[in-house]
Amino acid sequence: MTPHTVSATAAGTWTLGDRTVNRIGFGAMRLTGSAAFHQGTPSDRGQAIGVLRRARELGVNHIDTAAFYFSRLRSANELINAALSPYPDDLVIATKVGPARDATGEWATPARPDQLRGQVEENLRQLGCDQLDLVNLRLMGQDSVSEHFGALAELRDAGLVRHLGISGARPEHLAQAQEIAPVVCVQNRYGVDAPGGDEMLRACAARGIAFVPFFSIAGEGREAGAVRAEHEQVRAVARAHGVSPAQVRLAWTLHQGPHTLAIPGTGNLEHLVDNVAAGALRLTVEELRLLDSTGRAAS
């Protein structure tokens, strides 16, 4: 694909509840600065807004964000509001609740169930909308999700939230949540070289639930981005197709099943186009086996 024909529609679609999204979306975490939502150099505001608007031009209609995605001068939610409001009907904005940061950016005690309404309302305020399309409960080590997810289910019943998901979860958490309210997606760390994850991938497939990996490009670097030399297997496949290693990683993610979505994030316009183009990259069975040999441990 040339830059002029790159489109998120090439990846196909999946349904989140009653909302249909293209399988390649956009993660807003890295919009806030050079060190994601940590205390890095603030991003250029105009460039960040330009990236969001270009993502929409490329067909992206699924954006992942959170009120705790902020750095010294930038808030991901505020940037989304400034760039895209009033929001088009086909756009699905997914947020997360659970983790908490104080005004200085330091991590605070995760929200109790009774504090989740305040986090939901903060996302509503920052995004400038009356209802959140999708809220993921980000688990912070708890064995049971029942109390927290039950609190979100009440907010769903009250009309503040349209759909619910879970993040950083195990299969037993999914079962607990589904006993309380419908779950439309699971967001977990997963990638070419991310250990484990296959059990949740399969559990979501069996239930018709979207599996939404994060850090698919960053790998071990996580929030800091890619920080290590790329695997030779990834580079070999990239050379064969004349594409970037990032495209190969994203294409591998999308090849894990039609229910698998990708939410790569960037504050760079060129990287954005490159990431979206991954939706059109088709890998062979042999290439997928080669990529699986990076040492990713199946669970």
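Quick check: net charge around GLY242, other residues with Cβ under 13 Å of its Cβ, Lys/Arg +1 and Asp/Glu -1?
For residues surrounding GLY242, the net value is +1.
Give me the net charge for the shell around ALA83: Cβ to Cβ below 14 angstrom, other residues only, Lys and Arg +1, Asp and Glu -1.
Summing Lys/Arg as +1 and Asp/Glu as -1 gives +2.
Ignoring everything except DSSP H segments at least 4 long, calculate the 222 nm mean residue ellipticity for the chain; use -39,500 (n - 2.57) per segment, divide by total residues, nearest 500.
-10000 deg cm²/dmol
Please report the projected area of the range 164-219's Cα convex hull averaged over all directions, in nm².
Numbers: hull surface 14.0 nm².
With every direction weighted equally, the projected area is 3.5 nm².
How many nm is it between the label spots at ARG282 and THR13, if each spot is 7 Å from the Cα in line with the beta carbon?
Here the modelled spin labels are 2.1 nm apart.
Share of Cα-Cα pairs in the range 1-157 beyond 23 Å, in percent? Don't skip to the end; give the middle numbers.
Numbers: 4962 of 12246 pairs.
Roughly 41 percent, rounded to a whole number.
Taking only the alpha-carbon positions of the range 102-231 and ignoring solvent, what does the Debye formula give for the base-10 log of I(q)/I(0) at q = 0.16, 0.19 Å⁻¹?
Log-scaled intensity ratios, in q order: -0.89, -1.15.
First select every other residue whose beta carbon is under 12 angstrom from the beta carbon of GLY267; then total the charges, Lys and Arg +1, Asp and Glu -1.
Summing Lys/Arg as +1 and Asp/Glu as -1 gives +2.
Quick one: which residues, 5 or more positions from GLY25 or on another chain, have an amide H under 5 Å from its amide H? H modelled 1.01 Å from N in the peptide plane, none for Pro or chain starts.
ALA262, ILE263
Just subtract the alpha-carbon distance of THR104 and HIS255 from 0.36 nm times their residue separation and send over the number in nm, one decimal.
Computed gain between THR104 and HIS255 is 50.3 nm.
Hey, with R₀ at 41 Å, roughly what FRET efficiency would ARG289 and ARG112 work out to, going by the Cβ-Cβ distance, to 0.05?
For R0 = 41 Å, the calculated efficiency reads 0.35.
So how far apart, in nm, are the two label points at ALA229 and ARG72 if each is 7 Å from Cα heading toward Cβ?
Rounded to a tenth, the inter-label distance reads 3.4 nm.
So what is the relative contact order of the range 231-299, in percent, for Cα pairs below 8 Å that sit 6 or more residues apart?
Over the range 231-299, the number comes to 36 percent.
Computed over the Cα atoms of the chain, what is the ratio Rg over Rh, Rh following Kirkwood? Numbers along the way, then the final one.
Values: Rg = 18.0 Å, Rh = 19.2 Å.
Answer for the chain: 0.94.
Once amide H atoms are built 1.01 Å from N in the peptide plane, which residues 5 or more positions from LEU134, or in another chain, come under 5 Å H to H?
ILE93, THR95, ARG162, HIS163
Read-outs throughout are calculated quantities, based only on the coordinates presented, and are distinct from any laboratory measurement. As the structure is a computational prediction, the values presented were derived from the model and not from experiment. Heads up, the Cβs are rebuilt from the backbone with ideal geometry, glycines too, and the neighbour counts pull from every protein chain shown.
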